[in-house]
Amino acid sequence: MILAPSLLAADFLHIGREVEMVNESDADWLHLDVMDGSFVPNISFGFPVIEAVARVSCKPLDVHLMVERPEQWIERLAACGAEFMNVHVEAVRHLHRVVEAIRSAGMRPAVTLCPATPVCMLEDIIADVDMVLLMSVNPGFGGQKFIPSTVEKIERLRSLIERTGSKALIEVDGGINRETALAVARAGADALVAGTSVFRAADPQAEAAYYHGL
Ligand code: DX5
Ligand code: ZN
């Protein structure tokens, strides 16, 4: 299983130390949650932090933009060397154009669905994206409870991917712990985002190794 710890749950007084911890762990990517206080009812961090983290992270950056009009940040995010740029289908009007622009800028395009947005919204874009990020909580906050209906949604997305021959990975974000991770893995996810359960664990690296080993 691909594991992307979410920096949102890190100790922000010591971000450098937290990124080093992830660098030295079995985690595969580093997940960065950007919030604008408009698309979601919270503000997290922006480019000054992303740019600083990008300079020290050895792990590919999986950037999740919970912002209105994310397309305005494509060039700046590409300049950070981000691997994935995740945009919400609910925040973008011309999704195909934005996906193409993300790829042209040198990043891997990923599309994100809120819990109430159905998988069928992806029918005509699934062939063009490298990943789908399914939210298993309502975006905006770490530490929320996993929404159980996500498990069936993963199965529906897996069928769509198989039917269309898409190469998209399935990533699941929100409320991942040792229990929910098993159900998510069984349903066919490729990647897990884990904030609280990794960064707030007594031994974050052991926790990262556990999810990575699923
Ligand atoms: C929520 C974010 C998540 C969040 C996950 O809006 O997209 O990435 O950090 O946090 P946990 O793992 O604590 O639910
Ligand atoms: Zn996220």
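For the range 43-59, the count of residues that are touching a residue at least 60 places away in the same chain (Cβ under 8 Å) and either surrounded by 15 or more Cβ atoms within 10 Å (Cβ to Cβ) or over 16 Å from the mean Cα position of the chain (by Cα) (or both) is zero.
Condition check: in contact with a strand residue (DSSP E or B) (Cβ under 9 Å, 6 or more places away or on another chain), surrounded by 17 or more Cβ atoms within 10 Å (Cβ to Cβ) and either part of a helix (DSSP H, G or I) or among the small types (Gly, Ala, Ser) (or both). Does residue 170 satisfy that? Let's see the steps before the verdict.
Working: in contact with a strand residue (DSSP E or B) (Cβ under 9 Å, 6 or more places away or on another chain): yes; surrounded by 17 or more Cβ atoms within 10 Å (Cβ to Cβ): yes; either part of a helix (DSSP H, G or I) or among the small types (Gly, Ala, Ser) (or both): no.
Judged against the criteria, residue 170 is not a match.
In the range 173-199, how many are out of contact with any Asp or Glu (no Cβ under 9 Å at 6 or more places or on another chain) and outside any helix (DSSP H, G or I)?
Here is the first cut: in the range 173-199, the ones out of contact with any Asp or Glu (no Cβ under 9 Å at 6 or more places or on another chain) are 174-177, 179-186, 196.
Now narrow it down to the ones that are outside any helix (DSSP H, G or I): 174-177.
Number satisfying all stated conditions: 4.
Residue pairs whose Cβ atoms lie under 9 Å apart, sitting 6 or more positions apart in sequence or on different chains, and linking a residue in the range 150-164 that is within 19 Å of residue 130 (Cβ to Cβ) to a partner that is modelled with pLDDT under 95 and surrounded by fewer than 17 Cβ atoms within 10 Å (Cβ to Cβ), do not occur here.
Quick one: would you say residue 145 is closer than 25 Å to residue 61 by Cα, away from ligand 1 (no atom under 12 Å from the Cβ), part of a loop (DSSP other than H, G, I, E, B) and without any contact (Cβ under 8 Å) to a residue 40 or more places away in the chain? In short, no.
Residues in the range 188-198 include none that are in contact (Cβ under 8 Å) with a residue 24 or more places away in the chain, surrounded by fewer than 14 Cβ atoms within 10 Å (Cβ to Cβ), over 24 Å from residue 17 (Cα atoms) and more than 15 Å from the chain's Cα centre (by Cα). The single condition from (1) within 16 Å of ligand 1 (Cβ to nearest atom); (2) aliphatic (A, V, I, L, M); (3) out of contact with any Phe, Trp or Tyr (no Cβ under 8 Å at 6 or more places or on another chain); (4) assigned to a helix (DSSP H, G or I) that residue 161 fails is (1).
With within 12 Å of ligand 2 (Cβ to nearest atom) and within 18 Å of the chain's Cα centre (by Cα) as the only criterion, which of 30, 77, 3, 95 stands out? Quick ask: steps written out before the conclusion?
Working: 77 fails: within 12 Å of ligand 2 (Cβ to nearest atom); 3 fails: within 12 Å of ligand 2 (Cβ to nearest atom); 95 fails: within 12 Å of ligand 2 (Cβ to nearest atom).
Of the residues listed, the single one that is within 12 Å of ligand 2 (Cβ to nearest atom) and within 18 Å of the chain's Cα centre (by Cα) is 30.
From the list 105, 116, 101, the lone residue that is more than 22 Å from residue 190 (Cβ to Cβ), free of Cβ contacts under 8 Å to residues at least 12 places away in the same chain and surrounded by fewer than 22 Cβ atoms within 10 Å (Cβ to Cβ) is 116.
The values are calculated or read from the model by the stated rules, or taken from the named source; none is laboratory data. Since the structure is predicted, the reported quantities are computational estimates derived from the model, not experimental observations. Positions of Cβ are backbone-derived with ideal geometry, glycine not excepted, and every protein chain shown enters the neighbour counts.
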